[in-house]
């Protein structure tokens with residue numbers, strides 16, 4: 001199917017591919033959707049597609065330049081449906097399938113890149129970035145719209161709207177290109193609490209540092225860092241209130257709270273504490289909602305090093321529904337002084353643009369024992 005325009009030849013040609021299953025494992029606590037078995041498990045737990053909606057947020061944000069763009073899209077929910085819904089001129093490449101696999105992304109990306117597009121935009125996570133890496137050469141500029149669970153790669157915009165700003169500025173000649181790292185982790189090891197990330201290669205991508213999420217940085221396990229983590233954990237524990245539910249997110253910093261309470265907190269999952277004991281481990285969105293119903297609740301989270309995301313990266317279980325139920329005033333952010341030195345600001349990308357907008361401004365961050373800093377959040 002082709003949506004035509006007699007002035008097509010004057011339009012900027014942009015490839016647009018959506019991985020419709022990307023991100024489905026996040027809210028249900030599966031830490032990814034690589035592989036048929038995990039996808040089936042995600043669906044059985046009630047997971048819903050998130051990538052198509054986020055893809056449409058990107059296209060809607062790109063609307064000011066819509067008339068100048070011809071999209072070359074994947075079939076069905078791989079780009080065609082989203083382009084049609086947002087009223088873009090588009091051409092479809094590939095055969096529509098009920099179930100999509102990585103091979104479909106690779107095939108469609110190869111076909112679209114062969115049309116000599118000015119920019120290839122994909123919507124997915126690190127796994128999708130790897131598929132695109134296999135499909136295109138260094139002559140094709142690529143930009144990622146973050147819709148997955150794992151996003152360690154430096155090819156992504158901060159969120160769909162930021163990606164639209166990058167795309168627009170690049171298409172009109174305002175941005176240079178750079179070599180962006182494509183990183184991914186072993187999901188099986190990740191689910192067992194071990195992070196095994198490796199560099200798979202580089203994609204040429206538009207460079208706008210204020211709008212690109214950047215690669216994740218690991219926290220250095222120095223003596224001063226460990227001491228700082230322990231001091232913050234002691235402070236948080238002293239402030240914990242009886243009968244209040246504490247939803248504690250992933251990370252080495254938050255895990256220290258469990259260590260000092262002699263509770264085996266999961267490193268890469270979200271756990272629930274009541275009266276300084278774990279009552280539920282590695283929970284998903286629905287489990288959190290069940291536990292907090294009718295109870296005073298606080299959320300404790302630490303930003304991702306190098307990226308600064310408080311919500312929307314690796315903790316999608318703490319969903320917009322959970323955050324709204326708990327209330328922004330009951331969110332506690334903790335981060336070591338070293339981590340904050342490398343972060344100019346904090347970010348949220350919950351998947352709910354209205355909720356993200358409510359976070360704009362500043363937030364207090366606990367950085368040491370009884371020490372808080374006011375940090376800008378966007």
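The values are calculated or read from the model by the stated rules, or taken from the named source; none is laboratory data. Computed from a predicted structure; not experimentally measured. All Cβ positions, glycine included, derive from the backbone under ideal geometry; neighbour counts span all protein chains shown.
Yes or no: residue 248 more than 17 Å from residue 281 (Cα to Cα) and either in the same structural domain as residue 283 (by TED's automatic domain parsing) or surrounded by fewer than 16 Cβ atoms within 10 Å (Cβ to Cβ) (or both)? No, not satisfied. Selection of region 257-284 for residues being in contact (Cβ under 8 Å) with a residue 40 or more places away in the chain and at positive phi yields only 282.
Would you confirm whether any residue within region 49-67 is assigned to a loop (DSSP other than H, G, I, E, B), modelled with pLDDT under 95 and at negative phi? Yes, region 49-67 contains a residue that is assigned to a loop (DSSP other than H, G, I, E, B), modelled with pLDDT under 95 and at negative phi. Could you please find all residues in region 156-172 being more than 21 Å from residue 202 (Cβ to Cβ) and either crowded, with 24+ Cβ neighbours inside 10 Å or at pLDDT below 90 (or both)? Within region 156-172, 159, 160, 164 meet the criteria. Comparison of 105, 116, 140 shows that the only residue that is assigned by TED's automatic domain parsing to the domain that holds residue 83 and at positive phi is 116.
For region 333-352, a residue qualifies if it is in contact with a helix residue (DSSP H, G or I) (Cβ under 7 Å, 6 or more places away or on another chain) and crowded, with 17+ Cβ neighbours inside 10 Å, and the qualifying residues are 334, 335, 336, 348, 349, 350, 351, 352.
Inside region 219-251, residues that are assigned to a loop (DSSP other than H, G, I, E, B), over 25 Å from the mean Cα position of the chain (by Cα) and within 20 Å of residue 291 (Cβ to Cβ) make up a count of 5.
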